[in-house]
1. Looking at the range 81-103, I want the residues that are surrounded by 12 or more Cβ atoms within 10 Å (Cβ to Cβ) and have a partner that is of a type in the set (Lys, Arg) with Cβ atoms under 9 Å, at least 6 apart or on another chain. Which pairs are those?
2. Can you spot a residue in the range 52-59 that is modelled with pLDDT under 90, surrounded by fewer than 16 Cβ atoms within 10 Å (Cβ to Cβ) and hydrophobic (A, V, I, L, M, F, W, C)?
Amino acid sequence: MIPRYSDHAANERTFLAWVRTALAIIVFGCFLAKFDLFLRLVAHLPASHLTGSSTHGPASVLGIVLTGIGTMLLPAALWHYQAVRKAILSEDTHAVGVNPLGIFLVCVLGAAGVCAFVMLLTT
């Protein structure tokens, strides 16, 4: 029997939830970037708008940012998983603290949501 199996299983489920969240953010970012290009093509914008100095629209920029955030979230999730695993394996008692990864994710996704809201209001 594995000692503290339920703690390890909960830690692994949490890690997998972070990975699913990161992958969803990456996919949503790719969708936004490609959807912006699709909207430009459907709107029949002149070729200068598509190949000019500003090739990225606001949705495309937001998509690129979200893809980067999701990519950075993967190693952060692994780091958090390893830190919790180390705490579970140690015999010391640890106080429950604030999860900086969760705070970062909420702040960044909240800012992305505000940017998307403003972008929808202005277009």
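1. Ile88/Arg4
2. Within the range 52-59, none of the residues are modelled with pLDDT under 90, surrounded by fewer than 16 Cβ atoms within 10 Å (Cβ to Cβ) and hydrophobic (A, V, I, L, M, F, W, C).
The values are calculated or read from the model by the stated rules, or taken from the named source; none is laboratory data. Keep in mind that this is a model prediction, so the values were computed, not measured. FYI the Cβ positions are ideal-geometry reconstructions off the backbone, even for glycines, and counts take in every protein chain you see.
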